Amino acid sequence: MSYDKQKKQITIKIIPHVDGKLISFKISKFLFKSIITFLLTILLVSSLGFLFYYNQNSKSVKIINNLKHVKYKNEELKNKLHILSKESQKLKAEFKEIQDTNQEIKRLINYDSDNTQVNKKTSVGSDIDSRPTIANQNYQLNLGKNNNQIVNNTENRLAELKALLPKKKIELKELKDSVIKYKDYLAAKPTGWPLKAKEKRITSYFGYRTHPVTGERTIHEGLDIGVWYGTKVYATGAGRITHSGWKGGYGKAVIIDHGYGLKTIYAHNRRLNVRVGDKVKRGDIIAYSGNSGRSTGPHLHYEITINGKPIDPLPYIK
Ligand SMILES: [Zn+2]
C-alpha cells in the first residue's frame, strides 16, 4: 500500500472485554466523515421535529385547560344567574305589594292622578319604576366589564334592596294606617254649618254675655243661629248619638259623640230625627229647629265641647 493511500484511510478497532478476536477494519477518511455528517444531520432533524411537536402539543393542552376553566366558570355564572333571577322575581313581587299599598294610600287621600309632576316626585311606586331594572343594569354594565363583575354588582344591589324592603314595607303600612286614621278624624271632626238655610244669622256668639232670660252675666257656651221653626238641622261630623230628647234649658236637644274627645250639641229644636245609639255622618238630618227649652225665639244653639269643655264653634264653621 502506498503512503498516500494509507494517509486517506483510518483503522477502526473493536476490542472485546473478555475472550474473542480483535476486530479491525479500515475505511477511507472521506467515507468516515460522510457517515458522521449523515448521522449528525439525522440527529439534528429529528431533534427539531421533536421540539416542534412538543411545543404544539403543550399549546393544545393549555388551550384545552383554558376551555375547561371557561366552561366551569360559565356553569358557575349560569347557576348564579339562575339564583339571581329567582331572587329578582321575589323582589318584584314584594315591590308590587309596596306599589299596591302606595296606590291604596293615594286612593285614601283622593290623589289627583292627572298631576303627573307630583306623582313622579312623591310616589314610592314611581321611584321604583324610574330605577334601572336588573336587565337594564346588565346591559349598562356589559360595556367594558366582565360577566363576573356584573353578577357580583347585581348580587350586591339585590342584597341592598332586600335589606331595604322590610323597612319600607313597615313604613308604608304605618303611613296607610295613619292616613286611614286621619281620614276617620276628618270625617268625624265638626266642620261647617249645622244649618244649610240661606236665611240664617248668628244672634249670639260664644263667650261672656248678659243672659237674655235670667239677666245674669254668664258664659254663653255655644253659637245661637237665628232660623225659622222647622229648619233642617244637620250633623256637622260623623259620630254616635249619645242624647236625643229633653235636656233642661236646652229643650229638645241632640248630642253627638264624634270620638277624639269631641262632642256637638244641637239645642232648642222642635222635633228630633235620631235616636240614642244611631250612627250619623256629616250632612245627616238630625232635627228640625224650634224654640224649646230656655229660649226667647226660634233659633239653634250649636255647641262644641272638647273633653267636656265648651269651645268657640266659629273657627269650626268657617
Ligand atoms: Zn245659645
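Projecting the Cα atoms of 18, 70, 264 onto the charge dipole of the chain, computed from C-beta unit charges around the Cα centre, puts 18 farthest toward the positive end.
In the chain, helices alone account for a calculated mean residue ellipticity at 222 nm of -17000 deg cm²/dmol, with every DSSP H run of four or more residues adding -39,500 (n - 2.57).
Computed about its Cα centre, the charge dipole of the chain is approximately 1500 debye, with only Lys, Arg, Asp and Glu carrying charge at their Cβ.
Given an 8 Å cut-off on Cα distances and at least 6 residues of separation, report the relative contact order of region 196-312 as a percent. Computed over region 196-312, the figure is 29 percent. Are any of the pairs 247/279; 106/318; 232/309; 86/169 more than 22 Å apart by Cα-Cα distance, and if so, which? Table pairs above 22 Å Cα-Cα are 106/318; 232/309. When the chain is modelled as a GNM with alpha-carbon springs shorter than 10 Å, which of 242, 210, 154 fluctuates the most? The residue that fluctuates most here is 210.
Applying the Karplus relation 6.51 cos²θ - 1.76 cosθ + 1.60 with θ = phi - 60° to region 285-298 yields 3J(HN,Hα) values of 7, 10, 6, 10, 5, x, 9, 6, x, 7, 8, 9, x, x Hz, where x marks Gly and Pro. Here residue 7 is the anchor, and the lysines within straight C-alpha reach of less than 22 Å, apart from those fewer than 8 places off in the same chain, are 26, 29, 33. Cα axis of helix 147-188 to longest principal axis of the chain: angle in degrees, 0 to 90, nearest 10? Helix 147-188 sits roughly 0 degrees off the main axis of the chain. What residue among 102, 57, 74 shows peak mean-square fluctuation when the chain is described by a Gaussian network model with Cα springs under 10 Å? Its mean-square fluctuation being the largest, the pick is 57. For the chain, the residue among 288, 187, 44 whose Cα projects farthest onto the positive side of the dipole built from Cβ charges is 44. Considering only 300, 44, 172, the Gaussian network model of the chain with Cα springs below 10 Å gives its largest mean-square fluctuation to 44. Look at the alpha carbon pairs under 8 Å that are at least 6 residues apart: their mean separation over the length of the chain gives a relative contact order of 12 percent. Among the GluC sites (Glu not before Pro) within region 167-252, those in coil by DSSP and having at most 14 neighbouring Cβ atoms inside 10 Å are 199, 216. Relative to the longest principal axis of the Cα atoms of the chain, helix 29-108 runs at roughly 10 degrees. A dipole drawn for the chain from +1 and -1 charges on Cβ atoms has a positive end, and of 91, 254, 156 the residue lying farthest that way is 156.
Taken together, the values in this text are just the output of simple stated rules run on the coordinates, not laboratory data. Everything numeric here is computed off the predicted structure, so don't read it as measured data. Heads up, the Cβs are rebuilt from the backbone with ideal geometry, glycines too, and the neighbour counts pull from every protein chain shown.
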